[in-house]
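Student: First, the structure itself, so that you have it in front of you.
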Amino acid sequence: MFIERKFPNTRLRRLRRNNNLIDLVSETSLTSNDLIQPIFIKENLNGSEEIETMPNIFRYGIEKALKEIEDIKNSGINSIAVFPVIDTANKDSKGSQAANSNNFVSTAIKAIKKEFPDIILIADVALDPYTDHGHDGVIINNEVDNDETIKILIEQSLILADSGADIIAPSDMMDGRIGLIRNALEQNSYKNTILLSYAAKFNSKFYGPFRDAVGSASSLGKSSKSSYQMSSKNKEEALHEVAMDINEGADIIMVKPAMPYLDIIHLIKDSFKIPTFAYQVSGEYSMLKLSINKGWLESEVMLESLISIKRAGADAIFSYAAKEISMEMQNK
Ligand code: PBG
């Protein structure tokens, strides 16, 4: 596809002479519709508390969360991803609360959907908010047991669908869970529940601040998720994961983290041509935000990072900066 380009007939700077020209020929666009705001909702909390390792990001009690969601909507964002922060007293080795139909997250989802019926609500499927060891599944014989975990994930999924979640998002990386969850949804008349599979989720240290936020960091200690999350050295395996999940009934595929894995996003979008989301995770957010707050980087780096993720091929992006960026775009 090489076309000969010769100076001075070709001067690429002609199209860079002012911002209107630059915008006119821009290949990538980012709008509020492309952004999803994750939100932490904490059991038994009144008001809100800032997360130490995530500047400007808070855990909200349910009342305060409803106010925050109003703000998110006013910023132009229509989609949120809800992450519960569970009381230590309600955690156990099996993550039993995940399968309790009156648990905190189901109450929270109902309250949110009652007040904001049109908001697209995405709920995480995994046991880590509920386990006292911080793993995404149950441990049997010193291993996170794939098949026993899936049994609980199915119950968790049905509860989330029943509570009113529009999209349920298994982030646990067990093999075969998409197919089994899809079957259970079909059999229980949740045929329109959308499955967003964290298909290519890497074993990443960039999740550190999130684990502080939900309290799984201290539970996990030195234990690693490398027996289920992907190695950062692999990309063909990501194609394999995605192919499996599409065959099993996933509607949308997620790549996570985003910026250190732009090649994966690109490869997946290019290969499968299906809705592909990316998650700008807590560590990505915090390193940028902290540098911005300290004046070491200009605030535009946040938008630039999101553009890079879109350019790589993501259709939508989970980002802790979603509301803020969307407000900036509205005011332009
Ligand atoms: C776990 C889960 C994680 C994130 C979302 N769901 C962390 C992990 O795998 O330990 C990370 C998100 C982030 O870092 O922002 N089910």
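Student: For the residues 226, 197, 79, what sequence is obtained by ranking on other C-beta atoms within 10 Å, fewest first?
Tutor: So the ranking, lowest neighbour count to highest, is 226, 79, 197.
Student: I would also like to ask the following. Would you mind ranking 119, 36 by Cβ crowding within 10 Å, fewest neighbours first?
Tutor: Fewest-to-most ranking of 119, 36: 119, 36.
Student: Follow-up question, since we're still on this one. With just the Cα atoms defining each centre, how far is the stretch 222-295 from the stretch 1-43? Give it in Å.
Tutor: 22 Å
Student: Then there is this: Give me the tail of P(r) for the stretch 183-332 as a percent: Cα-Cα pairs with distance above 28 Å.
Tutor: Tail of the P(r) past 28 Å holds 27 percent of the pairs.
Student: For the stretch 188-200, just list the computed ³J(HN,Hα) in residue order, Karplus coefficients 6.51, -1.76 and 1.60, θ = phi - 60°, integers in Hz, with x standing in for Gly and Pro.
Tutor: Karplus values, whole Hz, x for Gly and Pro: 10, 6, 9, 6, 9, 5, 8, 9, 9, 8, 6, 7, 10.
Student: Next question. Non-local amide H neighbours of residue 255 (under 5 Å, H modeled in plane, Pro and chain starts lacking H): which ones?
Tutor: 277, 278, 279
Student: State the antiparallel share, in %, of DSSP beta bridges confined to the stretch 32-331, rounding to the nearest 5.
Tutor: So the antiparallel bridges amount to about 10 percent of the total.
Student: Once all Cα-Cα distances of the chain are split into 10 Å bins that start at 0, what whole-number percent is in each one?
Tutor: 6, 25, 35, 23, 7, 4, 1, 0
Student: Add -39500 (n - 2.57) for each DSSP H run of 4 or more in the chain, then divide by its residues: what number comes out at 222 nm, to the nearest 500 deg cm²/dmol?
Tutor: That comes out to -12000 deg cm²/dmol.
Student: Select from 164, 90, 199 the residue farthest towards the positive end of the dipole of the stretch 32-331; place +1 on Cβ of Lys and Arg, -1 on Cβ of Asp and Glu, and compute about the Cα centre.
Tutor: The one lying farthest along the dipole's positive direction is 199.
Student: Rg(Cα) of the stretch 275-332 divided by 2.2 N^0.38 Å?
Tutor: 1.11
No value in this document is a laboratory result; all are computed from the given coordinates. Computed from a predicted structure; not experimentally measured. Ideal geometry is used to build each Cβ from the backbone, glycine not excepted, and the neighbour counts take in all protein chains shown.
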